[in-house]
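First comes the structure, then the notes that go with it.
The values are calculated or read from the model by the stated rules, or taken from the named source; none is laboratory data. The shown structure was predicted, so the numbers you read here are calculated from the model rather than taken from an experiment. Here Cβ is always computed from backbone atoms with ideal geometry, including for glycine, and neighbour counts include all displayed protein chains.
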Amino acid sequence: MATEKPWGGRFTESTDAFVEAFTASVGFDRRLWRHDIQGSVAHATMLAHVGVLTAAERDAIVKGLKAIEAEIERDGFAWREALEDVHMNIEARLTERIGDAGKKLHTGRSRNDQVATDIRLYLRDGIDAVRAELKRLQTALVDIAEREAETLMPGFTHLQIAQPVTFGHHMLAWFEMLMRDGARLRDCRGRANVMPLGAAALAGTSYPIDRAYTAKLLGFDAVAENSLDAVSDRDFAIEFTGACALIMVHLSRMAEELVLWSSSQFGFVELPDAYCTGSSIMPQKKNPDVPELVRGKSGRVIGDLMALLTLMKSQPLAYNKDNQEDKEPVFDALDTVLASLRAFAGMLPAMQVRRETMARAARQGFSTATDLADYLVRKGVPFRDAHEVVGKAVRAALDSGRELSQLSLDELRRFSPLVAEDVYAVLSIEGSAAARRHVGGTAPAQVREAVKRARVRLQEV
Ligand code: ARG
C-alpha cells in the first residue's frame, strides 16, 4: 500500500500533497462530528440487531465512539487532513482505540449515505434552532405591537406618506413575514427528516440491513425510497438555505426601515446605544451598525443559496464529489441567520419609540385625504368625483402651506357644500386609523385583537 488512506488498496502512488489539501473537507465538515457519531452508533446497533455484528463488537464500537465524542468535546482530538473528512477521521480513530471491531463499523455503509445522513441530522437540529430564534424575535415584536397599539405613524407607499397607521400594526406586519418563514422551515424539516442510510454507495447493500430499525433509532420519519436519489440529491439543503435567504430578505427590509427611522430626518426611533457604534472622526455620530450589517449579510445567504443551486444543477446520478461543497454554504446560512435573528431579538425590545415625532409626521403629507374622499362618498358623492374634489382641496392647501385639517370649514365647503363640522374628526389621524377596524386593519382595537391571535399562533409553532 503506497498510502495510509482507508481506500488506499488499489493505489500504487500516494496522493499529491496539494491534491490532498484540495480534496480534504475535514477543515469544515468536522462540524458534523456529533451527528456522524450519532449515525454510526445507530448503524452499529442495527448491524448487531440483524446479526452482522456480535453484541460484543457492537458494545466495543459504541463505547469507542462515546470515548471519541468525549475527546472531541474537550478538544483533545487530533484531526488529520490526510484522512480527508470527518467520517474517516472518526473511523480511523475508532480502530486505533478498539482494534479490529472498529474496522467492521463501515459494513453495509458508504460515506455517500453516511454524509447524506449526517447533514440531514445536522440540519434537523439547525432548523429547530432557527425556529426557536424566530419565535423569540416574534415574541419581541408582539410585545412592542401591544405596547404601541395606539401609536400613530405615517404609513408609506413609494416611501411617500400615504395614510396613518399604527406602529403596532407595522410591527405585526413584520411578525407575519416571520410567521411564514417559520412555516417554511417546518415544511422543509419534514422533507429533510428522511433517512438515506442503507443506500450505501448508490445501489444499496447485500447485507440483511433493517433500515426502519435504524431510522427509528435516529428519529427519522421515514427511510429514503430510492438509493440513487438518497445519496445524491441535496434539495433539502437547498430548501433550507432558500428559507434562510427569505428570512434574511425579510430582516433586510426591517433593517432598512430601522436605518431610516433612526436617522435624524425621521427620528421615529432611537436604537439602544449597546447596538450602535460611533465614528472615529465625527464625534456626533451614532451609527445603526447592527441593522446595516444584517442588511448586508442578506447578500451572503442569497449567495449561499445560489452556490447550492448551481452545485446541484446538472449533476448526474448518483453521488458526485461536487456534493462535498454543500457544507460551507449551509453552515454559513445557518450561522448568519441565527446571529441576525439574535441581534434583532436583543435590539428591538430596547428600542425607544418617539411617539410625538411619528404622530407629527403622520399629520403631514395629507395623509387623511382618502378619509375626506370616503367622507364625501358616505354623503352620496361617487368615489371618482370625491377623489377629484379632494385633489383640488389638497392643491389649495399646498398653495397656502397648510394641511387639510388647517383649512376652515368655509374654505372646505368651497370644494363641496356637503362638508360639515364633523369633517375634522375624519381628518384627524386618530379618526383615520380608528376607522379601519376590520380584521387586518390598522385600528388600535384591531391591533389589540391581532396581538391576542398572534400570541395563540405563536404557542402553536
Ligand atoms: N467528504 C465527502 C462529502 O462530503 C464524503 C463522501 C465521500 N464519498 C466519496 N465517494 N468520495 O461528500
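From the list Ala67, Ala60, which residue is free of Cβ contacts under 8 Å to residues at least 40 places away in the same chain and among the hydrophobic types (A, V, I, L, M, F, W, C)?
Ala67
Taking only the stretch 65-92 into account, find how many residues are basic (Lys, Arg) and more than 16 Å from the ligand (Cβ to nearest atom).
The qualifying residues number 2.
Take the conditions under 23 Å from Ala230 (Cα atoms) and within 16 Å of the ligand (Cβ to nearest atom) and apply them to Leu123. Does it pass?
yes
Here are Ala192, Ala149, Ala162, Ala140: which of them is over 25 Å from Ala243 (Cα atoms), surrounded by 17 or more Cβ atoms within 10 Å (Cβ to Cβ) and more than 16 Å from the ligand (Cβ to nearest atom)?
The match here is Ala149.
What are the residue pairs meeting all of these: first residue in the stretch 249-267, first residue closer than 18 Å to Gly303 by Cβ, second residue at pLDDT 95 or above and basic (Lys, Arg), Cβ atoms under 7 Å, and 6 or more apart or on different chains?
Final answer for the pair search is Ser252/Arg295; Ala255/Arg295.
Taking interchain pairs and intrachain pairs at least six residues apart, which have beta carbon atoms under 8 angstrom, with the first residue in the stretch 77-96 and free of Cβ contacts under 8 Å to residues at least 12 places away in the same chain and more than 19 Å from Glu328 (Cβ to Cβ) and the second more than 11 Å from the ligand (Cβ to nearest atom) and not hydroxyl-bearing (Ser, Thr, Tyr)?
Listed by first residue and then by second, the contacts come to Thr95/Gly102; Thr95/Lys103; Glu96/Gly102.
If you go through the stretch 21-42 one residue at a time, do you hit one that is surrounded by fewer than 20 Cβ atoms within 10 Å (Cβ to Cβ), farther than 16 Å from His87 by Cα and within 13 Å of the ligand (Cβ to nearest atom)?
Among the residues of the stretch 21-42, at least one is surrounded by fewer than 20 Cβ atoms within 10 Å (Cβ to Cβ), farther than 16 Å from His87 by Cα and within 13 Å of the ligand (Cβ to nearest atom), which makes the answer yes.
Looking only at the stretch 404-413, count how many residues are over 19 Å from Gln163 (Cβ atoms), without any contact (Cβ under 8 Å) to a residue 12 or more places away in the chain and not hydroxyl-bearing (Ser, Thr, Tyr).
Number of matching residues: 2.
Identify all residues within the stretch 299-338 that are within 16 Å of the ligand (Cβ to nearest atom) and acidic (Asp, Glu); write none if there are none.
Across the stretch 299-338, the qualifying residues are Asp322, Glu325, Asp326, Glu328, Asp332.
Return the residues of the stretch 378-395 that are more than 16 Å from Gly365 (Cβ to Cβ), in contact with a helix residue (DSSP H, G or I) (Cβ under 8 Å, 6 or more places away or on another chain) and touching a residue at least 12 places away in the same chain (Cβ under 8 Å); say none if nothing qualifies.
Result: Val381, Ala386, His387, Val389.
Quick one: which helices (runs of 4 or more DSSP H) lie wholly within the stretch 344-442 and hold at least 1 residues that are aromatic (Phe, Trp, Tyr) and surrounded by fewer than 20 Cβ atoms within 10 Å (Cβ to Cβ)? Full working, then the answer.
Numbers: elements: 355-363, 369-378, 383-399, 409-413, 423-427, 429-434.
Once the helices (runs of 4 or more DSSP H) in the stretch 344-442 are filtered for at least 1 residues that are aromatic (Phe, Trp, Tyr) and surrounded by fewer than 20 Cβ atoms within 10 Å (Cβ to Cβ), what remains is 383-399, 423-427.
Read through the list (1) closer than 21 Å to Leu53 by Cβ; (2) within 16 Å of the ligand (Cβ to nearest atom); (3) more than 32 Å from the chain's Cα centre (by Cα); (4) in a helix (DSSP H, G or I), then give the number of the only condition that Thr117 fails.
(3) is the only condition that Thr117 fails.
Does Glu4 count as out of contact with any helix residue (DSSP H, G or I) (no Cβ under 6 Å at 6 or more places or on another chain), under 22 Å from Arg109 (Cα atoms) and modelled with pLDDT under 95?
Numbers: out of contact with any helix residue (DSSP H, G or I) (no Cβ under 6 Å at 6 or more places or on another chain): yes; under 22 Å from Arg109 (Cα atoms): yes; modelled with pLDDT under 95: yes.
Taking the combined requirement at face value, the residue satisfies it.
Could you tell me which numbered condition Gln446 fails, if it satisfies all but one of (1) surrounded by 14 or more Cβ atoms within 10 Å (Cβ to Cβ); (2) at pLDDT 95 or above; (3) out of contact with any His (no Cβ under 8 Å at 6 or more places or on another chain); (4) closer than 28 Å to Phe167 by Cα?
(3)
Look at the stretch 242-263 and say how many of its residues are part of a helix (DSSP H, G or I), of a type outside the set (A, V, I, L, M, F, W, C) and touching a Leu at 6+ places or on another chain (Cβ under 7 Å).
Taking the stretch 242-263 and keeping what is part of a helix (DSSP H, G or I), we get 242-261.
Add one more test, that the residue is of a type outside the set (A, V, I, L, M, F, W, C), and what stays is 242, 250, 252-253, 256-257.
In the following step, the residues that additionally are touching a Leu at 6+ places or on another chain (Cβ under 7 Å) were identified as 242, 250.
Matching residues across the stretch 242-263 total 2.
Considering only residues that are among the aromatic types (Phe, Trp, Tyr) and closer than 16 Å to Ile119 by Cβ, which ones fall in the stretch 196-230?
Of all residues in the stretch 196-230, those among the aromatic types (Phe, Trp, Tyr) come to 207, 213, 220.
Answer for the stretch 196-230, where residues must be among the aromatic types (Phe, Trp, Tyr) and closer than 16 Å to Ile119 by Cβ: just Phe220.
List pairs: first in the stretch 306-330 and more than 19 Å from Gly242 (Cα to Cα), second hydroxyl-bearing (Ser, Thr, Tyr) and more than 12 Å from the ligand (Cβ to nearest atom), Cβ under 9 Å, 6+ apart or cross-chain?
Every condition considered, the pairs that remain are Ala318/Ser227.
Please go through the stretch 7-33 and pick out each residue that is at pLDDT 95 or above and aromatic (Phe, Trp, Tyr).
Scanning the stretch 7-33 gives Phe18, Phe22, Phe28, Trp33.
Residue check: is Gly401 in contact (Cβ under 8 Å) with a residue 40 or more places away in the chain and small (Gly, Ala, Ser)? Break it down into steps so the answer makes sense when it comes.
Numbers: in contact (Cβ under 8 Å) with a residue 40 or more places away in the chain: no; small (Gly, Ala, Ser): yes.
So Gly401 fails the test.
Just give me the residues in the stretch 260-284 being more than 25 Å from the chain's Cα centre (by Cα), hydroxyl-bearing (Ser, Thr, Tyr) and under 22 Å from Ser340 (Cβ atoms), in sequence order.
Ser263, Thr277
Name every residue in the stretch 207-261 that is touching a Gly at 6+ places or on another chain (Cβ under 8 Å) and polar (S, T, N, Q), in order of residue number.
Thr214, Ser227
Counting only residues that are polar (S, T, N, Q), in a strand (DSSP E or B) and closer than 17 Å to Val353 by Cα, how many does the stretch 127-167 have?
Within the stretch 127-167, residues that are polar (S, T, N, Q), in a strand (DSSP E or B) and closer than 17 Å to Val353 by Cα number 1.
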